[in-house]
1. Tell me, what is the percent relative contact order of chain B, built from C-alpha pairs under 8 Å that lie six or more residues apart?
2. Between beta-carbons, use under 15 Å as the cut-off and find the net charge around A:A303, counting Lys and Arg +1, Asp and Glu -1.
3. Please list, or write none, the aspartates and glutamates whose alpha carbon is within less than 16 Å of the alpha carbon of A:K330, excluding same-chain residues fewer than 8 places away.
4. Can you tell me how chain B classifies by the Cα gyration tensor, rounded, prolate or oblate, using a/c under 1.5 as the rounded cut?
5. Mean Kyte-Doolittle of at least 0.0 plus a Cα span of 27 Å or more along the axis: flag which DSSP H helices in chain A meet both, please.
6. Multiply the residue gap between A:R543 and A:S9 by 0.36 nm, knock off their C-alpha separation, and tell me the result in nm, one decimal place.
7. Work through the residues other than B:E200 whose Cβ is under 11 Å from its Cβ and net out their charges, Lys, Arg +1 and Asp, Glu -1.
8. Given Cα pairs under 8 Å that are at least 6 residues apart, what percent is the relative contact order of chain A?
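Read the figures in this text as sums done on the coordinates, not as results from a lab. Please read these numbers as outputs of a predicted model, since none were measured by experiment. Backbone-built Cβ (ideal geometry, glycine too); neighbour counts: all protein chains shown.
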Amino acid sequence: MTTMAAPLSAPAVRARQLAGTGPLLRLALRRDRVLIPAWVLGLGLVVVGTGSSFEALYDTAARRAALAASMNGNGSMRALYGPVFGDSVGGLIAWRMAGFGAVLAAVMSLLIVVRHTREEEETGRQELLCAAMVGRRAPLTAALLTALTANAALVVVIAGGLAGSGRPAAGSLALGLAIGCTGMLFAALAAIAAQLTESARLAKGLTGAALGLAFALRAAGDTATTGAGSPLTWISPIGWAQNLRAYAGERWWLVLLFLAAAALAGCVAYALTARRDLGMSFLPARPGPAVAPRSLSGPFGLAWRLQRTTLGGWTLGFVCAGGLFGGIAKGAADLVGGNERTREIFARMGGQQNLTDAFLATMAGMLGMVAALYAVGAVLRLHGEETAGRAEPVLAGAVGRLRWTAGHLALAYGGSAVILAFGGLALGVSYDLSAGDPGGRTGPVLAATLAQVPAVWTLTGLAVLAFGLLPRATTAVWALVGGCLTLGWVGPSLDVPRWAMDLSPYGHLPKLPGADATAAPFLWLLALSALFTAAGLVGVRRRDLG
Amino acid sequence: MTTALSPAPAIRVDGLHKSFGRTHALDGLDLRVGAGEVHGFLGPNGAGKSTTIRVLLGLLRADGGTARLLGRDPWQDAVELHRRIAYVPGDVTLWRNLSGGEVIDLYGRLRGGLDTARRAELLERFELDPTKKGRTYSKGNRQKVALVAAFASAPEVELLILDEPTSGLDPLMEEVFQNCVAEERDRGRTVLLSSHVLSEVEALCDRVSIIRKGRTVASGSLGELRHLTRTSVVAELAGMPNGLGALPGVHGLEIRGQRVTFQVDTDKLDAVLRSLGTSGVRSLTSTPPTLEELFLRHYQDDARSEAIAR
């Protein structure tokens, strides 16, 4: 009696599950029209730029061979960059950039994939899309294709840029593929994480942890053995990226290994998607307390609760970075000493002739610049709370605007000082341990790191100013911070004139440890920071909120 | 204007103006909410209801006009006032890693306290699990979090400002909500209820204000507002209707034999009934305008004038 619809053939089912992928992909690319080009061009520029600086610094085969030999002989440098496989200019670029480029491409990819999968589900936007003609597998496919587009563009930019500046074409392509393939592999891993967790932040965190583990495995493997023999290195995709050996007898088969791993991870992600409901996850959300703890009773308690995990993560990161930098400081200083031009750059960056102090000062400066990212992010939490509508009910309570702002500012100002203190302590202690001089430089190094605080606070103040006076353009403050950081990182090696370096608050700090410090620049920066903050707070009190 | 004898209004807004760039969100809005009343605040989307409420909460600064809340300035005295106000937004967003119970306590503490017995009772009545994290609540459950916090607020709270509070609630919960508002009124609290659910407004509100394009177009008790509109009449007559169409205030007259259907301006009802009486009335049904008709009339005028302007 009843007529049954003929069962669809397997390819037809598959096609139906992918329905809508095209429009979703276009939507994703449209949403990422700034993000992807910025990442691709930025990363491409760094890789190609490294090429020209190596060409200038190590202009003879003898110098390059010396550098390669000394780098390969130094365990801590191998931990950071991996072994040097070839001593051509290209080989040095691959040595310096394969690992770091791969890490950055992985970060870009995981951000893209989580942004278009779990974040869309978490915000409920995907529900609306999935109610339309969108197949079950379409959102994940569109997200992976977006990541593929970005990584393919990265391969083209890097390979084209390097080949265009005179490097051998095959090696350029190999380095581009090493970086882009790592990106794709982590895109697929992020796709798995996005199925496992209910929160986008946690999905990013999980993939980030996998990336950190991959880096640590490779670092451990490369420290343990010279050459490329350690199995630890071979567990890590970052190890694969380096062992693709761009410009040094490319091992193209590793591209296949990458593709197989990415395909496998992708299959796992698809299998997980098919077994769960929209918005649900495999890792169950744990219930929270039914009653708020005593500490959660005001704007300060709330800000602390919202930001404590972030602060903890940054503190841990600074301790690790400080420990790593401190451990390689002595070796690095020895290495740098061998090259006249690098010595000059380091002396300019670190502000003095004693190379160990110059290196420590450079690292303290690095920590200082990175700390600004934390502090500005903490201030911009205010902006996030406001635009998400979470500030409104808080301010509808008996909470003054300044008290609400102060909660988050306390974390921005206090927190940046705390992470610098921990980072500085780790840097100093780890240096002293590796130099066999317990307690020798810990004090001065800690002081040097804390000396960065006024510059960090100046940028923090700028963020408060933007939040108070330019609520619609608040996030533009990231561009200013990015400008200051870029100036600090590449300025010294590009011979940027003094007045331009002075545009950044970091340009005014004495190069500690080692240099003479006067109170004036610190006081000026603190005054400037206070001025910016006060002006921003006046804006917060007067403007419309919410 | 206001008589000195009536108790000081809980909310008094005169000629409020607010622009965002080129859009005039509020264009001379007036609003009076008496102490102890439940006041319905109606208007189409984008009429300026939420903007008015945010001015009343001191989140936005008005460009012109005056606003007084419990006798004080909502911008200047925001913090002191907020101890006496509980607010429920129409779209509650929660922190994803805080549990519902934590948010209820936080909102209460920010206001100066929470009635814990009432909190427990309300959790039960709204069937809300306070241990779930913010990101896992559905829209209706997020709304309940804010409602429980508002209804369980300490006795110092005199005024509840509810901005479309029942969006996302199911009919059972809608009933719980209505009971809660009635209890709040019995406790002497004033309620400003912005809503689209007209049955809810009809059931709960003593007075209503209807706004359109940032202006108040009607305000008063439901009875007063009804008086300004038309009643529908269906009558079966003994004879032929005479001169009904010529009477002032009669609209949309339809005559089918001895059966007449028409609408009449409520204030002209008396004259019309007398005229019907001369023809002999066999049966008569008169329907007062529903709030919906009231509402639609004000909105449709709007749509019509817009069509003309085009």
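1. After rounding, I find 19 percent.
2. Charge balance in the 15 Å sphere: +4.
3. A:K330 reaches A:D357, A:D432, A:D437.
4. Verdict is prolate for chain B.
5. Result, helices passing both filters: A:35-57, A:89-116, A:138-164, A:169-196, A:200-224, A:253-274, A:299-336, A:355-387, A:401-435, A:519-542.
6. 186.1 nm
7. Residues close to B:E200 contribute a combined charge of -4.
8. 13
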